[in-house]
Amino acid sequence: MSDDEPERRPHKFSEGQGLDEDYEEFTLDPEELNADPSQVDPVDTRVITDLLDERNIPKDRVDVESLMDVGLSYMGINRFEEATETFERAAQFADEDSLAEQEAWVNKGAAHAQLEEWDEAIGAYQEALRIDDDSEHAASAETNLAYALHENGQGEQALEHAEKAVEIDPRFPQAWYNRGFFLVERGLLEDAVNAFDNAIRLGMRNAEVLEEKARALDELGREDEAEEAAERAEEIREEAEQRMVEEHAEGGGGAAGAGAPGGMDGERGGRGGGDAGGAGGAPGGLGDRSGDGDDDLDLGGL
């Protein structure tokens, strides 16, 4: 160092006050999640979300009914994948084996059915029935399960579940419709006509049920009755098309597509696929139980 350079003095750093004895160490690393890597599909990113939900959101702080309504809203705008995830969340946060959880599973199955994910739909309906096979939602689960089994190529089992649906709730028109469809498939035509008549008496007055009735009557050789039913079905279709044209002209929303399996048919409005019956004679999923049938209806001894 030259004589001209000023002498450097060492810098005195502050010693501070130090840390209290009860200071707890902290880290920015994420908390370790309690998950077995061997049981988690690395592609399934929802697993992490589910684990965080369970850890950070107490069940009593989640409004399951509101979640269900969100899922139904997704169904209404044809965002069925989001609907399946929402209904799964609702089932997760509902009280274990409660009616709310059962309802969520049935709705989840209906959303999968819209995506033609039949295995997933069947699994959801079966989970709903595991919770309670005789509840207010059981008939809906059974008839939707029958529909999914049929679409999945398991027609033998479909009739069995359609029969269970009418046993659980003999005032459910969609269950009678599905039963009639599967009876036609088995060649049990008289029983099928009776089932379709019961669906109509209970308020299911759409083109699909009349067309299926006409098909059964025609195979029975009752041509005049078959022609009458087919003509009435065509009238209903024309009336429905006219309503859609008028709604479109007024700027209203379009009607839901026929044949789509619905969700639950509980107290909340907007639930269910409405007029069921798919293209090519496929049975519908879940219809609307709020038809205008008489409360004291005679089901003809069936």
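The values are calculated or read from the model by the stated rules, or taken from the named source; none is laboratory data. Because the structure is predicted, anything quoted here is derived from the model rather than measured. Positions of Cβ are generated from backbone atoms using ideal geometry, with glycine treated the same way; all protein chains shown enter the neighbour counts. Please note that ligands, DNA and RNA were not included when accessible areas were found on the heavy atoms of the full protein model with its side chains. Shrake-Rupley method; radii C 1.70, N 1.55, O 1.52, S 1.80 Å.
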With a ≥ b ≥ c the root eigenvalues of the C-alpha gyration tensor of region 183-228, is it rounded (a/c under 1.5), prolate (a/b larger than b/c) or oblate?
-> oblate
Dividing the alpha-carbon Rg of region 145-193 by 2.2 N^0.38 Å yields what?
-> 1.02
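For Met244, Met68, write out the residues from largest to smallest accessible area, computed with a 1.4 angstrom probe and no ligands counted.
From most accessible down to least: Met244, Met68.
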Phi-derived 3J(HN,Hα) across region 167-177 with the Karplus relation (6.51, -1.76, 1.60, θ = phi - 60°), rounded Hz, x for Gly and Pro, is 5, 5, 9, x, 9, 9, x, 5, 5, 5, 4
Which order do Lys164, Lys108 take when ranked by solvent-accessible area (1.4 Å probe, heavy atoms of all protein chains), largest first?
-> Lys164, Lys108
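If you stretched the chain out fully between Glu81 and Asp224, how much longer would it get, using 0.36 nm times the residue separation minus the C-alpha to C-alpha distance?
Extra length from Glu81 to Asp224 when fully extended: 46.9 nm.
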Rough spin-label spacing in nm, given labels placed 7 Å along Cα→Cβ, for Glu136 and Gln242 = 3.8 nm
Given 20 °C, 1.002 mPa s and a Kirkwood radius over Cα pairs, the Stokes-Einstein diffusion coefficient of region 116-219 in µm²/s is 158 µm²/s
